[in-house]
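*Asks:* Before we start, here is the structure in question, set down as structure tokens.
Each value in this text was obtained by applying a stated rule to the coordinates, not by laboratory testing. Since the model is a prediction, treat every value here as computed from it, not as a measurement. Ideal geometry is used to build each Cβ from the backbone, glycine not excepted, and the neighbour counts take in all protein chains shown.
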Amino acid sequence: MDILDYAFMQRALLAALLVGVTAPAVGIFLVQRRQAIMGDGIGHVALTGVALGFLLQVSPVWMAVAVSAAGAIGMELIRSYGRARGDIALAMLFYGGMAGGVMIIYLAPNGSNANLTSYLFGSISTVSPQDIPPMVGLAVFVLLVVLGLRRQLFAVCQDEEFARVSGLPVRALNLLLAVTAAVTVTVAMRAVGLLLVSALMVIPVAAAQQVTRGFAWTLAVSVAIGVVVSLSGTVFSYYVDVPPGSSIVLASMAVFLLFAALAAPLAAKRARRAAAAAASEVELPVQPAAEAVPAR
């Protein structure tokens with residue numbers, strides 16, 4: 001517990017907690033709609049926002065929010081209007097965001113390239129007191145959207161046509177989910193890094209799906225996994241002096257492998273329970289029909 005005596009570790013653990021809660025909470029919807037790598041594409045676009053922040057001498061966090069949100073909205077509009085498939089739109093985010101970020105960072109003042117490394121891979125020592133208020137505010141926004149509109153978002157991610165027939169504003173919900181994913185990437189970039197944030201949005205959800213059934217339980221378990229691996233990875237990086245992003249992602253992969261190993265015995269146990277329940281059902285004996293009384 002001596003690490004709590006240091007102010008920078010207090011900020012780092014708070015940032016890890018926010019990331020561990022928000023990333024899987026949004027990632028479960030991306031996994032549901034088969035866009036698991038969307039967070040990676042948004043992370044590349046956010047790189048351009050961070051580089052613009054260094055170039056214009058403004059907050060890289062808020063600039064990353066604006067640029068990544070605009071990129072996510074653009075990708076969603078391209079996908080919904082059918083002008084390009086979803087994978088092509090994601091590829092555009094990948095390549096355009098990375099190329100723009102690299103180009104702009106070379107135009108920024110000296111020293112920006114070194115600072116950019118902490119955004120790419122995460123750094124526990126660079127979470128400043130000025131970073132905490134926007135991270136908390138953005139995390140609250142993400143949780144309000146995810147928890148308040150979880151049923152509507154689940155319906156849209158499960159079947160857009162059914163959601164549209166049911167009267168839900170499908171396009172608005174898709175755009176809101178894209179913006180929420182962009183905000184989540186921005187929240188996580190200080191602790192996990194832009195290049196690894198997508199892993200924390202996907203791997204805890206994939207691990208939870210191995211041992212849970214139903215959306216609510218999967219959401220709860222994935223958030224619990226995200227919190228545990230984020231905090232443990234941050235503490236590990238402090239003692240071993242390694243980037244926290246890699247520690248967090250490797251910890252989440254270890255949890256996934258553990259849950260995958262448990263999935264087969266759990267499935268076999270459920271099958272035995274179902275077979276036992278079916279065998280225990282005893283059919284009621286059929287009562288013989290009453291013999292007809294001859295009329296006198």
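*Asks:* How would region 2-195 be classified by its alpha-carbon gyration tensor: rounded, prolate or oblate, with rounded meaning a/c under 1.5 and the a/b versus b/c comparison settling the rest?
*Replies:* Working: a/c = 2.53, a/b = 1.40, b/c = 1.80.
It is oblate, given that a/c is not under 1.5 and a/b is not larger than b/c.
*Asks:* What chymotrypsin sites (Phe, Trp or Tyr not before Pro) in region 1-82 are in a loop by DSSP, with at most 15 other Cβ atoms within 10 Å of the Cβ? Please list the in-between numbers first.
*Replies:* Values: sites: Y6, F8, F29, F54, W62, Y81; in loops: Y6.
When the chymotrypsin sites (Phe, Trp or Tyr not before Pro) of region 1-82 are filtered for loop state and at most 15 Cβ neighbours within 10 Å, Y6 remain.
*Asks:* Spin-label point model (7 Å from Cα, Cβ direction): what's the A264 to V211 distance in nm?
*Replies:* According to this spin-label approximation, the distance is 1.7 nm.
*Asks:* Obtain the nm distance between the two label points defined at A254 and Q57 by a simple spin-label model: each point lies 7 Å from its Cα along the Cα-to-C-beta direction.
*Replies:* In this crude label model, A254 to Q57 measures out at 4.5 nm.
*Asks:* While we're looking at this one, here's another question. Given labels modelled 7 Å from the Cα in the Cβ direction, how far is it in nm from R164 to Q130?
*Replies:* The answer from the label model is 4.6 nm.
*Asks:* Another question, if that's okay. Would you mind checking which residues have amide H under 5 Å from G122's amide H? H placed 1.01 Å from N; only 5 or more apart, or other chain.
*Replies:* Here G193, L194 satisfy the definition.
*Asks:* Defining a contact as two alpha carbons under 8 Å apart and six or more residues distant in sequence, what relative contact order in percent does region 149-273 show?
*Replies:* 22 percent
*Asks:* So what is the relative contact order for region 2-195, in percent, with contacts set as C-alpha pairs under 8 Å and at least six apart?
*Replies:* On the way: 274 pairs, mean separation 72.7, N = 194.
Relative CO of region 2-195 lands at 37 percent.
*Asks:* Might you report the magnitude of the Cβ-based charge dipole of region 2-195 about its Cα centre, with Lys and Arg at +1 and Asp and Glu at -1, to the nearest 20 debye? It would help to have the intermediate numbers written out before the result.
*Replies:* On the way: 11 positive and 9 negative charges, 95 e Å.
In total the dipole reaches around 460 debye.
*Asks:* Order these by the 10 Å Cβ neighbour count, fewest first: D159, D2. Kindly include the intermediate steps, with their values, before the conclusion.
*Replies:* Working: D159 12, D2 6.
Fewest-to-most ranking of D159, D2: D2, D159.
*Asks:* Another question, then. Could you give the dipole magnitude of region 1-104 about its Cα centre, charging the beta-carbon of Lys and Arg +1 and that of Asp and Glu -1, in debye to the nearest 20?
*Replies:* 460 debye
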